[in-house]
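Trainee: Have a look at this one.
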Amino acid sequence: PQPYAPKVQIGPGEKENTLKVTICDKLFTVYHYGPEWKKPFLWPINSEGEVNLTRDYPMNPEGAPKIYQDHPHHKSFWTAYGDVNGVDVWTEGEGTGYQKAEEVTYGSGDAYGWILSKNKWYDKNGKYLVTEIREYRFYATSEKGRIFDAYVTFTAEEGDVVFKDTKEGGIVAARMSPEISSKGIITID
């Protein structure tokens, strides 16, 4: 007999510091949290037929037309903010802050699988800003209607933290693939 496998499987990806999420044996997404990135993110996010809904650039820059190479900090599906105690942790140019995954755990299951990432946010010089707990829950839904939840909790461990008003303040954001961004309906609740 075949060994039992849960419907939502989460485990190490092909590259170091990645977690692969499969639902009913089909790749849904990969969580990237390595030190080569300024913030952890999910990419790709696949729909039916393993068609990627989110932009490949800059994770896979080859073949990306120049017109789609703007905003390299828009990495598929991510969490960030543009003004945390005066520090930009949204964009990724010189002088901006960054996030570091301190501890990442995960689990698989028939109803859902989960990733829990404890991330610390820093300014450009490595001064601590805030701790973020990010949880993703991926549900065992049909390939035609994948569902996942993102929960984000911040804890100020060393003094007050102010998220100032800014246009770069989505907390949870997605950059859609240019091939589909003007077609159909995409909902992020």
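The values are calculated or read from the model by the stated rules, or taken from the named source; none is laboratory data. What you see is a predicted model, and the numbers here were worked out from it, not measured in a lab. Counting neighbours? That spans all protein chains shown, and the Cβs are built from the backbone with ideal geometry, glycine included. Only protein heavy atoms, including side chains, enter the accessible area calculation; ligands, DNA and RNA are left aside. Shrake-Rupley method; radii C 1.70, N 1.55, O 1.52, S 1.80 Å.
Trainee: Counting just the residues of region 148-167 that are hydroxyl-bearing (Ser, Thr, Tyr) and in contact (Cβ under 8 Å) with a residue 24 or more places away in the chain, which one comes out farthest from residue 101 (Cα to Cα)?
Mentor: 166
Trainee: Which of the strands (runs of 3 or more DSSP E) contained wholly in region 81-189 include at least 2 residues that are of a type in the set (Asp, Glu) and at pLDDT 95 or above?
Mentor: Filter on region 81-189 gives 98-107, 128-139.
Trainee: Return a yes/no flag: does region 46-55 have any residue that is open to solvent by 20 Å² or more (accessible area, probe 1.4 Å), under 24 Å from residue 131 (Cβ atoms) and at pLDDT 90 or above.
Mentor: Checked against the condition, which is being open to solvent by 20 Å² or more (accessible area, probe 1.4 Å), under 24 Å from residue 131 (Cβ atoms) and at pLDDT 90 or above, region 46-55 yields no hits at all.
Trainee: Please go through region 4-21 and pick out each residue that is part of a strand (DSSP E or B) and either farther than 13 Å from residue 106 by Cα or open to solvent by less than 20 Å² (accessible area, probe 1.4 Å) (or both).
Mentor: If the condition is that a residue be part of a strand (DSSP E or B) and either farther than 13 Å from residue 106 by Cα or open to solvent by less than 20 Å² (accessible area, probe 1.4 Å) (or both), then 8, 10, 11, 18, 19, 21 are the ones that fit.
Trainee: Show the residue pairs that are 6+ apart or on different chains and have beta-carbon atoms under 7 Å apart, the first residue being within region 80-97 and more than 22 Å from residue 59 (Cα to Cα) and buried (at least 18 other Cβ atoms within 10 Å of the Cβ), the second being modelled with pLDDT of 95 or more and β-branched (Val, Ile, Thr).
Mentor: Listed pairs, sorted by first residue: 84/130; 84/161; 85/161; 85/162.
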